[in-house]
Amino acid sequence: MVIQQTRNVLRGDVEIQIYTEVESTHGVGKTVLSEAPGQKIRLPVQVLQTMGIDPKNCMCVAMVGNRMADKIQDGSILGVDRELTQVIDGEIYALEHGGILRVRYLYRMPNGGLRLRSHNDAEYPDELFSAEDIDREKIRILGWIFWWSTLNSRRNAMLLL
């Protein structure tokens, strides 16, 4: 009976493609987001449906850096709903900024501008972009972050002492 229930749960999962930054062929030091071949995350389709998220519009990316620490740790996998790109102030979004993946709280500003805020705001001040800056710097909202994985690495660090 338990085995059957486990199989049903697994059948109810959906695989979401992971994207990573890779070096662009258009210049040294430039990156682009690209599918990571064979790398997918399985999430329960029922949970996505309950949240109103279509799995076909999802992607996963890895958090790089400590700008969103302590909320989202470096190396966490993030679920992105690419359909939800309209900014709701204070929500977390994935952005592509000149080929670089960025994860920030977003806030709308007058005349089409954006304010980007890091969770680790003691180390990283807010960034302000006018509509012209957004176009010039090729800032594109990839989607709303609806899920992330975070492992508690503090205990492992203590074991190394």
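Is the range 10-18 home to any residue that is under 30 Å from Asp121 (Cβ atoms) and within 13 Å of the chain's Cα centre (by Cα)? Looking for residues that are under 30 Å from Asp121 (Cβ atoms) and within 13 Å of the chain's Cα centre (by Cα), one finds at least one in the range 10-18, hence yes.
Of all residues in the range 92-99, none are touching a strand residue (DSSP E or B) at 6+ places or on another chain (Cβ under 9 Å), within 22 Å of Ser130 (Cβ to Cβ), of a type in the set (Asp, Glu) and modelled with pLDDT of 95 or more. Looking across the range 32-57, the residues that are in a strand (DSSP E or B) and either acidic (Asp, Glu) or touching a Ser or Thr at 6+ places or on another chain (Cβ under 6 Å) (or both) come down to Val32, Glu35, Ala36. Selection of the range 15-35 for residues being of a type in the set (A, V, I, L, M), at pLDDT 80 or above and surrounded by fewer than 15 Cβ atoms within 10 Å (Cβ to Cβ) yields only Val22.
The values are calculated or read from the model by the stated rules, or taken from the named source; none is laboratory data. Remember, it's a predicted structure, so these values are computed and weren't measured experimentally. Positions of Cβ are backbone-derived with ideal geometry, glycine not excepted, and every protein chain shown enters the neighbour counts.
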